[in-house]
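Below: one structure in C-alpha coordinates.
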Amino acid sequence: MGHIFDIKNLTVYYGEKPGISDVSMKIYRNKVTAVIGPSGCGKSTFLRALNRLVELADNVRVSGEVIFDGKNIYDRDVDPVEIRRRIGMVFQHPNPFPKSIFDNIAYGPRIHGINDREKLKEIVESSLKKAALWDEVRDRLNDSALRLSGGQQQRLCIARAIATNPEVILFDEPTSALDPIASAKIEELMVELKRNYTVVVVTHNIQQAARISDYTAFFWMGKLVEYDRTKKIFEKPENELTERYITGRVG
Ligand SMILES: Nc1ncnc2c1ncn2[C@@H]1O[C@H](COP(=O)(O)OP(=O)(O)OP(=O)(O)O)[C@@H](O)[C@H]1O
(Lines give C-alpha, C1' and ligand atoms only; values in the text may rest on other atoms or scores of the structure.)
Protein backbone atom coordinates (compact mmCIF):
# COMPACT_ATOMS: atom_id res chain seq x y z
CA MET A 1 0.00 0.00 0.00
CA GLY A 2 1.70 3.19 1.18
CA HIS A 3 1.45 6.67 -0.16
CA ILE A 4 1.75 7.94 -3.71
CA PHE A 5 2.00 11.65 -2.82
CA ASP A 6 4.02 13.19 -0.03
CA ILE A 7 3.11 16.87 0.10
CA LYS A 8 5.43 19.06 2.13
CA ASN A 9 4.75 22.67 3.15
CA LEU A 10 2.89 23.36 -0.07
CA THR A 11 1.98 27.03 -0.56
CA VAL A 12 0.41 28.49 -3.68
CA TYR A 13 0.41 32.27 -4.09
CA TYR A 14 -1.80 34.16 -6.51
CA GLY A 15 0.19 37.38 -6.67
CA GLU A 16 0.86 38.23 -3.04
CA LYS A 17 -2.06 36.31 -1.65
CA PRO A 18 -1.83 32.62 -0.76
CA GLY A 19 -4.63 30.39 -2.12
CA ILE A 20 -3.37 27.59 0.15
CA SER A 21 -0.60 27.79 2.69
CA ASP A 22 1.78 25.34 4.27
CA VAL A 23 -0.12 22.18 3.47
CA SER A 24 1.59 18.92 4.40
CA MET A 25 -0.06 15.54 3.95
CA LYS A 26 0.34 12.15 2.32
CA ILE A 27 -2.12 10.73 -0.18
CA TYR A 28 -2.53 6.98 -0.17
CA ARG A 29 -2.33 4.73 -3.17
CA ASN A 30 -5.52 3.00 -4.37
CA LYS A 31 -7.71 4.98 -1.99
CA VAL A 32 -10.31 7.67 -2.50
CA THR A 33 -9.30 10.90 -0.77
CA ALA A 34 -11.95 13.61 -0.47
CA VAL A 35 -11.12 17.30 -0.12
CA ILE A 36 -13.86 19.30 1.59
CA GLY A 37 -14.35 22.80 2.96
CA PRO A 38 -16.30 26.00 2.34
CA SER A 39 -16.17 28.00 -0.87
CA GLY A 40 -12.83 29.72 -1.41
CA CYS A 41 -10.93 27.62 1.16
CA GLY A 42 -8.46 26.43 -1.47
CA LYS A 43 -9.78 23.01 -2.52
CA SER A 44 -9.35 23.56 -6.27
CA THR A 45 -6.01 25.25 -5.78
CA PHE A 46 -4.79 22.25 -3.82
CA LEU A 47 -6.08 19.77 -6.41
CA ARG A 48 -4.55 21.68 -9.31
CA ALA A 49 -1.24 21.89 -7.49
CA LEU A 50 -1.06 18.08 -7.56
CA ASN A 51 -0.55 17.94 -11.34
CA ARG A 52 0.87 21.44 -11.93
CA LEU A 53 -2.33 22.62 -13.61
CA VAL A 54 -2.29 25.52 -11.16
CA GLU A 55 0.69 26.95 -13.03
CA LEU A 56 -1.56 27.78 -15.97
CA ALA A 57 -3.19 30.61 -13.98
CA ASP A 58 -1.61 34.08 -14.11
CA ASN A 59 0.90 35.23 -11.57
CA VAL A 60 1.13 31.97 -9.64
CA ARG A 61 4.02 30.94 -7.44
CA VAL A 62 4.33 27.55 -5.79
CA SER A 63 6.61 26.77 -2.86
CA GLY A 64 7.12 23.57 -0.94
CA GLU A 65 7.17 20.11 -2.48
CA VAL A 66 4.79 17.63 -4.05
CA ILE A 67 6.69 14.37 -4.00
CA PHE A 68 4.99 12.01 -6.42
CA ASP A 69 6.31 8.51 -6.66
CA GLY A 70 9.55 9.63 -5.02
CA LYS A 71 10.22 12.83 -6.99
CA ASN A 72 9.16 16.45 -6.57
CA ILE A 73 6.92 17.30 -9.53
CA TYR A 74 8.10 20.93 -9.32
CA ASP A 75 11.74 20.03 -9.94
CA ARG A 76 13.13 21.82 -12.97
CA ASP A 77 13.79 18.67 -14.96
CA VAL A 78 10.19 17.42 -14.68
CA ASP A 79 7.99 17.76 -17.77
CA PRO A 80 4.54 19.07 -16.75
CA VAL A 81 2.92 17.40 -19.77
CA GLU A 82 4.15 14.01 -18.61
CA ILE A 83 2.99 14.79 -15.06
CA ARG A 84 -0.51 15.57 -16.36
CA ARG A 85 -0.53 12.29 -18.26
CA ARG A 86 0.32 10.38 -15.10
CA ILE A 87 -2.06 12.47 -12.99
CA GLY A 88 -5.26 13.01 -14.96
CA MET A 89 -8.07 15.39 -14.19
CA VAL A 90 -11.86 15.47 -14.53
CA PHE A 91 -13.67 18.80 -14.10
CA GLN A 92 -16.99 20.02 -12.77
CA HIS A 93 -18.52 20.65 -16.18
CA PRO A 94 -18.08 17.79 -18.62
CA ASN A 95 -15.84 19.19 -21.36
CA PRO A 96 -15.69 16.75 -24.27
CA PHE A 97 -14.01 18.01 -27.44
CA PRO A 98 -16.34 18.71 -30.39
CA LYS A 99 -15.23 15.44 -31.96
CA SER A 100 -16.51 11.89 -32.16
CA ILE A 101 -16.64 9.69 -29.08
CA PHE A 102 -13.77 7.64 -30.54
CA ASP A 103 -11.60 10.66 -31.24
CA ASN A 104 -12.17 12.09 -27.77
CA ILE A 105 -10.69 8.99 -26.19
CA ALA A 106 -7.98 8.51 -28.82
CA TYR A 107 -6.87 12.13 -28.46
CA GLY A 108 -4.42 11.65 -25.58
CA PRO A 109 -2.89 8.39 -26.85
CA ARG A 110 -2.39 10.01 -30.29
CA ILE A 111 -0.59 12.96 -28.70
CA HIS A 112 1.64 10.47 -26.97
CA GLY A 113 2.52 8.93 -30.31
CA ILE A 114 0.10 6.00 -30.68
CA ASN A 115 -1.29 5.96 -34.24
CA ASP A 116 -1.91 2.30 -34.93
CA ARG A 117 -5.67 1.97 -35.58
CA GLU A 118 -6.03 -1.44 -33.92
CA LYS A 119 -4.13 -0.31 -30.84
CA LEU A 120 -6.29 2.83 -30.63
CA LYS A 121 -9.47 0.75 -30.94
CA GLU A 122 -8.28 -1.41 -28.08
CA ILE A 123 -7.54 1.61 -25.89
CA VAL A 124 -10.89 3.25 -26.71
CA GLU A 125 -12.81 0.09 -25.84
CA SER A 126 -10.98 -0.64 -22.60
CA SER A 127 -11.16 2.99 -21.45
CA LEU A 128 -14.89 3.17 -22.14
CA LYS A 129 -15.39 -0.10 -20.27
CA LYS A 130 -13.46 1.15 -17.27
CA ALA A 131 -15.60 4.30 -17.30
CA ALA A 132 -18.80 2.22 -17.43
CA LEU A 133 -19.86 3.79 -20.74
CA TRP A 134 -19.05 1.12 -23.31
CA ASP A 135 -22.46 -0.57 -23.38
CA GLU A 136 -24.20 2.74 -24.01
CA VAL A 137 -21.97 3.92 -26.86
CA ARG A 138 -20.40 0.86 -28.50
CA ASP A 139 -22.64 1.22 -31.56
CA ARG A 140 -22.04 4.89 -32.09
CA LEU A 141 -18.39 5.59 -31.54
CA ASN A 142 -18.36 7.91 -34.56
CA ASP A 143 -21.17 10.13 -33.25
CA SER A 144 -20.31 13.50 -31.81
CA ALA A 145 -19.56 13.36 -28.09
CA LEU A 146 -21.63 16.51 -27.70
CA ARG A 147 -24.80 14.50 -28.36
CA LEU A 148 -24.34 12.48 -25.17
CA SER A 149 -26.22 13.35 -21.97
CA GLY A 150 -24.40 15.30 -19.25
CA GLY A 151 -23.76 12.17 -17.19
CA GLN A 152 -22.52 10.26 -20.23
CA GLN A 153 -20.27 13.18 -21.17
CA GLN A 154 -18.77 13.10 -17.68
CA ARG A 155 -18.07 9.37 -17.99
CA LEU A 156 -16.55 10.09 -21.41
CA CYS A 157 -14.23 12.60 -19.76
CA ILE A 158 -13.29 9.93 -17.23
CA ALA A 159 -12.60 7.50 -20.10
CA ARG A 160 -10.50 10.19 -21.78
CA ALA A 161 -8.47 10.59 -18.60
CA ILE A 162 -8.05 6.81 -18.31
CA ALA A 163 -6.90 6.46 -21.94
CA THR A 164 -3.43 7.86 -21.27
CA ASN A 165 -2.88 5.25 -18.58
CA PRO A 166 -2.56 7.53 -15.53
CA GLU A 167 -1.77 6.49 -11.99
CA VAL A 168 -3.94 9.14 -10.33
CA ILE A 169 -7.25 10.71 -11.33
CA LEU A 170 -8.17 14.06 -9.81
CA PHE A 171 -11.86 15.02 -9.77
CA ASP A 172 -12.93 18.64 -9.23
CA GLU A 173 -16.59 18.62 -8.15
CA PRO A 174 -17.39 15.99 -10.77
CA THR A 175 -21.07 15.59 -9.91
CA SER A 176 -22.19 19.09 -9.06
CA ALA A 177 -23.53 19.75 -12.58
CA LEU A 178 -25.33 16.38 -12.81
CA ASP A 179 -28.73 15.03 -11.79
CA PRO A 180 -28.92 12.58 -8.85
CA ILE A 181 -28.95 9.44 -10.99
CA ALA A 182 -25.99 10.49 -13.11
CA SER A 183 -24.21 11.60 -9.91
CA ALA A 184 -24.76 8.22 -8.28
CA LYS A 185 -23.17 6.51 -11.29
CA ILE A 186 -20.10 8.73 -11.09
CA GLU A 187 -19.82 8.10 -7.35
CA GLU A 188 -19.98 4.36 -7.90
CA LEU A 189 -17.38 4.66 -10.62
CA MET A 190 -14.95 6.62 -8.44
CA VAL A 191 -15.07 3.87 -5.84
CA GLU A 192 -14.51 1.23 -8.51
CA LEU A 193 -11.61 3.16 -10.03
CA LYS A 194 -9.58 2.98 -6.84
CA ARG A 195 -8.79 -0.63 -7.62
CA ASN A 196 -6.51 0.54 -10.42
CA TYR A 197 -5.93 4.21 -9.66
CA THR A 198 -5.55 6.64 -6.82
CA VAL A 199 -8.56 8.97 -6.66
CA VAL A 200 -8.66 12.48 -5.19
CA VAL A 201 -11.99 14.28 -5.28
CA VAL A 202 -12.93 17.83 -4.36
CA THR A 203 -16.54 18.03 -3.29
CA HIS A 204 -18.98 20.49 -1.80
CA ASN A 205 -21.18 17.58 -0.96
CA ILE A 206 -20.27 16.41 2.53
CA GLN A 207 -22.46 13.30 2.26
CA GLN A 208 -20.66 12.37 -0.94
CA ALA A 209 -17.31 12.56 0.86
CA ALA A 210 -18.69 10.36 3.65
CA ARG A 211 -20.13 7.83 1.19
CA ILE A 212 -17.21 7.32 -1.15
CA SER A 213 -13.92 8.32 0.45
CA ASP A 214 -11.41 6.46 2.60
CA TYR A 215 -9.63 9.63 3.72
CA THR A 216 -10.93 13.18 4.09
CA ALA A 217 -9.00 16.45 4.15
CA PHE A 218 -10.81 19.46 5.57
CA PHE A 219 -9.59 22.86 4.40
CA TRP A 220 -10.44 26.21 5.91
CA MET A 221 -9.20 29.57 4.65
CA GLY A 222 -6.30 28.08 2.74
CA LYS A 223 -5.14 25.83 5.57
CA LEU A 224 -5.43 22.10 6.02
CA VAL A 225 -7.29 21.92 9.33
CA GLU A 226 -7.74 18.19 9.68
CA TYR A 227 -6.90 15.11 7.67
CA ASP A 228 -7.70 11.58 8.68
CA ARG A 229 -9.63 8.47 7.82
CA THR A 230 -13.09 9.50 6.68
CA LYS A 231 -14.72 7.50 9.44
CA LYS A 232 -12.73 9.38 12.06
CA ILE A 233 -13.42 12.79 10.49
CA PHE A 234 -17.13 12.13 10.42
CA GLU A 235 -17.51 10.30 13.72
CA LYS A 236 -14.94 11.87 15.98
CA PRO A 237 -13.15 14.87 14.50
CA GLU A 238 -10.34 16.36 16.56
CA ASN A 239 -10.95 19.95 15.55
CA GLU A 240 -14.03 21.93 16.47
CA LEU A 241 -14.07 23.68 13.08
CA THR A 242 -14.21 20.30 11.35
CA GLU A 243 -17.10 19.25 13.51
CA ARG A 244 -18.97 22.48 12.86
CA TYR A 245 -18.45 22.14 9.11
CA ILE A 246 -19.53 18.51 8.79
CA THR A 247 -22.59 19.07 10.93
CA GLY A 248 -23.55 22.00 8.75
CA ARG A 249 -23.12 24.70 11.36
CA VAL A 250 -20.60 26.71 9.32
CA GLY A 251 -19.64 27.03 5.69
N1 LIG B 1 -6.64 32.27 -10.74
C2 LIG B 1 -6.74 32.88 -9.56
N3 LIG B 1 -6.25 34.13 -9.39
C4 LIG B 1 -6.31 34.76 -8.19
N5 LIG B 1 -6.84 34.22 -7.08
C6 LIG B 1 -7.36 32.98 -7.18
C7 LIG B 1 -7.34 32.24 -8.41
N8 LIG B 1 -7.92 31.03 -8.20
C9 LIG B 1 -8.28 31.03 -6.91
N10 LIG B 1 -7.95 32.18 -6.28
C11 LIG B 1 -8.17 32.52 -4.85
O12 LIG B 1 -7.58 31.51 -4.04
C13 LIG B 1 -8.43 31.17 -2.95
C14 LIG B 1 -8.78 29.68 -3.02
O15 LIG B 1 -9.60 29.44 -4.17
P16 LIG B 1 -10.04 28.00 -4.67
O17 LIG B 1 -10.74 28.17 -5.98
O18 LIG B 1 -8.89 27.11 -4.61
O19 LIG B 1 -11.08 27.60 -3.52
P20 LIG B 1 -12.20 26.46 -3.53
O21 LIG B 1 -12.23 25.94 -2.14
O22 LIG B 1 -11.95 25.51 -4.61
O23 LIG B 1 -13.50 27.30 -3.82
P24 LIG B 1 -14.90 26.83 -4.49
O25 LIG B 1 -15.41 25.75 -3.61
O26 LIG B 1 -15.73 28.06 -4.43
O27 LIG B 1 -14.57 26.38 -5.87
C28 LIG B 1 -9.64 32.08 -3.04
O29 LIG B 1 -9.40 33.20 -2.21
C30 LIG B 1 -9.64 32.50 -4.51
O31 LIG B 1 -10.22 33.76 -4.68
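So which residues in region 110-129 are modelled with pLDDT under 95 and part of a helix (DSSP H, G or I)?
If the condition is that a residue be modelled with pLDDT under 95 and part of a helix (DSSP H, G or I), then I111 is the only one that fits.
Can you tell me which residues in region 191-249 are part of a loop (DSSP other than H, G, I, E, B), within 27 Å of R85 (Cβ to Cβ) and within 16 Å of the ligand (Cβ to nearest atom)? Outline the logic, then answer.
Here is the first cut: in region 191-249, the ones part of a loop (DSSP other than H, G, I, E, B) are 194-197, 203-205, 213-214, 221-222, 236-239, 247-249.
From the residues that got through so far, the ones that are within 27 Å of R85 (Cβ to Cβ) too are 194-197, 203, 213-214.
If the condition is that a residue be part of a loop (DSSP other than H, G, I, E, B), within 27 Å of R85 (Cβ to Cβ) and within 16 Å of the ligand (Cβ to nearest atom), then T203 is the only one that fits.
So, one more: Quick check: anything in region 213-233 basic (K, R), in contact (Cβ under 8 Å) with a residue 24 or more places away in the chain and farther than 28 Å from V62 by Cα?
Filtering region 213-233 down to residues basic (K, R) leaves 223, 229, 231-232.
Remaining after also requiring in contact (Cβ under 8 Å) with a residue 24 or more places away in the chain: 223.
With the extra rule that they be farther than 28 Å from V62 by Cα, the set shrinks to none.
The answer is no, given that none of the residues of region 213-233 is basic (K, R), in contact (Cβ under 8 Å) with a residue 24 or more places away in the chain and farther than 28 Å from V62 by Cα.
Here's something else I'd like to know. Of the residues in region 61-80, how many are in contact (Cβ under 8 Å) with a residue 40 or more places away in the chain and surrounded by 17 or more Cβ atoms within 10 Å (Cβ to Cβ)? Show your work before the answer.
Looking only at region 61-80, we keep the residues that are in contact (Cβ under 8 Å) with a residue 40 or more places away in the chain, and these are 61-69.
Then keep just the ones that are surrounded by 17 or more Cβ atoms within 10 Å (Cβ to Cβ); that gives 62, 64-68.
The number of residues fulfilling the criteria is 6.
Follow-up question, since we're still on this one. Does region 56-71 include one or more residues that are acidic (D, E), modelled with pLDDT under 95, over 15 Å from the mean Cα position of the chain (by Cα) and within 16 Å of the ligand (Cβ to nearest atom)? Let's see the steps before the verdict.
Initially, region 56-71 is screened for residues acidic (D, E), giving 58, 65, 69.
Okay, now just the ones that are also modelled with pLDDT under 95, so 58, 69.
This time we only want the ones that are over 15 Å from the mean Cα position of the chain (by Cα), so: 58, 69.
Next, only the ones that are within 16 Å of the ligand (Cβ to nearest atom) stay: 58.
Looking through region 56-71, at least one residue is acidic (D, E), modelled with pLDDT under 95, over 15 Å from the mean Cα position of the chain (by Cα) and within 16 Å of the ligand (Cβ to nearest atom).
Within region 161-168, does at least one residue satisfy the condition of being within 14 Å of the chain's Cα centre (by Cα), part of a strand (DSSP E or B) and within 27 Å of I27 (Cα to Cα)? Show your work before the answer.
Here is the first cut: in region 161-168, the residues within 14 Å of the chain's Cα centre (by Cα) are 161-162, 166-168.
When the remaining residues are screened for being part of a strand (DSSP E or B), the result is 168.
Remaining after also requiring within 27 Å of I27 (Cα to Cα): 168.
Yes, region 161-168 contains at least one residue that is within 14 Å of the chain's Cα centre (by Cα), part of a strand (DSSP E or B) and within 27 Å of I27 (Cα to Cα).
Kindly indicate whether R249 is surrounded by fewer than 18 Cβ atoms within 10 Å (Cβ to Cβ) and without any contact (Cβ under 8 Å) to a residue 12 or more places away in the chain.
The answer is yes for R249.
Failed condition for I87, given (1) surrounded by 14 or more Cβ atoms within 10 Å (Cβ to Cβ); (2) within 16 Å of the ligand (Cβ to nearest atom), with all others met?
Going through (1) surrounded by 14 or more Cβ atoms within 10 Å (Cβ to Cβ); (2) within 16 Å of the ligand (Cβ to nearest atom) one by one, I87 breaks only (2).
Rundown of residues vs (1) at pLDDT 95 or above; (2) aliphatic (A, V, I, L, M); (3) under 19 Å from the mean Cα position of the chain (by Cα), yes/no style:
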residue: E188; (1), (2), (3): yes, no, yes
residue: V191; (1), (2), (3): yes, yes, yes
residue: T198; (1), (2), (3): yes, no, yes
residue: I212; (1), (2), (3): yes, yes, yes
residue: A217; (1), (2), (3): yes, yes, yes
residue: Y227; (1), (2), (3): yes, no, yes
residue: E238; (1), (2), (3): yes, no, no
residue: E243; (1), (2), (3): yes, no, no
residue: G248; (1), (2), (3): no, no, no
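D77 fails exactly one of the following numbered conditions: (1) more than 13 Å from the ligand (Cβ to nearest atom); (2) part of a loop (DSSP other than H, G, I, E, B); (3) closer than 26 Å to A131 by Cβ. What is the number of that condition?
The failed condition is (3).
What's the number of the only condition in (1) surrounded by 14 or more Cβ atoms within 10 Å (Cβ to Cβ); (2) under 30 Å from R244 (Cβ atoms) that S39 fails to meet?
All conditions are met except number (1).
Can you tell me which residues in region 20-63 are under 15 Å from N205 (Cβ atoms) and of a type in the set (D, E, K, R)?
Of everything in region 20-63, just one residue is under 15 Å from N205 (Cβ atoms) and of a type in the set (D, E, K, R), namely K43.
A follow-up question, please. From (1) more than 30 Å from R110 (Cα to Cα); (2) touching a residue at least 12 places away in the same chain (Cβ under 8 Å), pick out the condition that doesn't hold for Q207.
Going through (1) more than 30 Å from R110 (Cα to Cα); (2) touching a residue at least 12 places away in the same chain (Cβ under 8 Å) one by one, Q207 breaks only (2).
Here is a further query. Does any residue of region 214-221 turn out to be farther than 18 Å from K43 by Cβ and not aliphatic (A, V, I, L, M)?
As a first pass, look at region 214-221 and keep what is farther than 18 Å from K43 by Cβ: none.
Checking region 214-221: not a single residue is farther than 18 Å from K43 by Cβ and not aliphatic (A, V, I, L, M).
Moving on to the next point. I'd like to verify a number: residues in region 19-45 that are more than 10 Å from the ligand (Cβ to nearest atom), outside any loop (DSSP other than H, G, I, E, B) and among the polar types (S, T, N, Q), how many?
3
The values are calculated or read from the model by the stated rules, or taken from the named source; none is laboratory data. Here the structure is a predicted model, which is why all the values come from computation and not from measurement. Ideal geometry is used to build each Cβ from the backbone, glycine not excepted, and the neighbour counts take in all protein chains shown.
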